[in-house]
Amino acid sequence: MTELNTAAPGLIVEDYRSRILSGWLSHNACAWEDYTRHEFVRKLGEGSLPRSVFMAYLIQDYIFLLHYSRAWAMAVVKSETVDQMRSSAATIHGLINEEIQLHIGICAREGISEAELLGAEEASENIAYTRYVMDAGLSGDLLDLLAVLAPCVFGYGHIGLTLANNRNPKPLYREWIDAYCGDEYQRMCFGVANLIDEVAVSRLGDNAESNPRWIGLCRKFGIATRLEVDFWSMGFRLG
């Protein structure tokens with residue numbers, strides 16, 4: 001089994017080369033490790049995660065991705081340049097045409113129709129997370145929104161990479177891992193990292209960490225990361 005990296009913040013910064021991510025992660029290292037080394041992730045990598053837990057998670061994640069796509073659409077609205085709009089729109093394309101389709105395809109093969117996905121009851125953990133993201137975007141600017149969108153983007157990219165060479169997962173889980181370690185998703189991560197750095201320089205200046213807003217942005221990133229931890233745990237509660 002591929003061992004999950006114990007220095008997750010360092011690995012992800014190396015992966016996506018973002019100074020801003022480095023700062024946000026350093027302020028939230030414990031929460032990040034709880035997220036990327038969660039029991040759900042470990043058992044998924046081993047292939048020992050119960051199918052019922054995975055499917056409960058996947059159904060809720062389909063609902064999550066609908067809200068998350070809307071939040072990225074808000075990023076287009078809050079963008080100040082055409083390049084920022086293009087980057088946000090490219091992420092929406094990946095969410096709608098790749099990630100959501102991944103969920104629909106897996107669920108269909110497991111006997112769950114898209115109509116059933118749309119009709120599923122939204123879990124409280126899902127509501128807490130998605131509404132927090134939307135509120136941060138509505139009440140703040142593009143950088144506030146990116147701070148709460150970032151844990152999902154980079155956490156899944158990081159987990160996909162750390163599990164990429166694992167030979168144990170069941171085919172059901174292998175498909176999920178392959179999607180998040182794949183070139184297309186990793187390119188999206190690089191694009192979002194570049195967007196965050198660009199917007200941070202625009203909003204905070206070259207010395208972002210000295211800006212009065214910095215601690216608040218770190219806090220937002222940390223809250224969203226802890227909500228990701230709750231999302232994994234939700235799978236066990238519902239499954």
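Values in this text are rule-based calculations from the coordinates and carry no lab data. Only a predicted model underlies this, so the values are computations on that prediction, with no experimental measurement involved. Cβ coordinates were reconstructed from backbone atoms using ideal geometry, including for glycine residues, and neighbour counts include every protein chain displayed.
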Open item on the list: Suppose we filter the range 57-71 for residues that are under 12 Å from the mean Cα position of the chain (by Cα) and not aliphatic (A, V, I, L, M); how many remain?
Closed with: 4
TODO: List every residue pair whose Cβ atoms sit under 9 Å apart, with the two residues 6 or more apart in sequence or on different chains, where the first one lies in the range 93-107 and is in contact (Cβ under 8 Å) with a residue 40 or more places away in the chain and of a type in the set (Gly, Ala, Ser) and the second, anywhere, is in a helix (DSSP H, G or I) and buried (at least 20 other Cβ atoms within 10 Å of the Cβ).
DONE: GLY94/TYR185; GLY94/MET188
Task: Residue, nearest to PHE231 (Cα to Cα), within the range 102-136, restricted to residues that are surrounded by 14 or more Cβ atoms within 10 Å (Cβ to Cβ) and of a type in the set (S, T, N, Q) - done: ASN126
Open item on the list: Checking the condition outside any loop (DSSP other than H, G, I, E, B) and loosely packed, with under 14 Cβ neighbours inside 10 Å, which residue from GLU175, GLU198, GLU184 passes?
Closed with: GLU184
- [ ] For residues that are of a type in the set (Ser, Thr, Tyr) and more than 26 Å from ALA200 (Cα to Cα), scanning just the range 54-72, find the one that is surrounded by the fewest Cβ atoms within 10 Å (Cβ to Cβ).
- [x] TYR62
Open item on the list: So in the range 139-168, with the set limited to residues that are part of a loop (DSSP other than H, G, I, E, B) and in contact with a Ser or Thr (Cβ under 9 Å, 6 or more places away or on another chain), which one is nearest to GLU39 (Cα to Cα)?
Closed with: LEU163
Open item on the list: Taking the conditions exactly as written (under 30 Å from SER202 (Cα atoms) and in contact with a Ser or Thr (Cβ under 6 Å, 6 or more places away or on another chain)), does ALA75 satisfy them or not?
Closed with: yes
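Here's the yes/no breakdown for (1) charged (D, E, K, R); (2) in a helix (DSSP H, G or I):
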position: LEU44; (1), (2): no, yes
position: PHE64; (1), (2): no, yes
position: ALA73; (1), (2): no, yes
position: GLU80; (1), (2): yes, no
position: ILE92; (1), (2): no, yes
position: GLU125; (1), (2): yes, yes
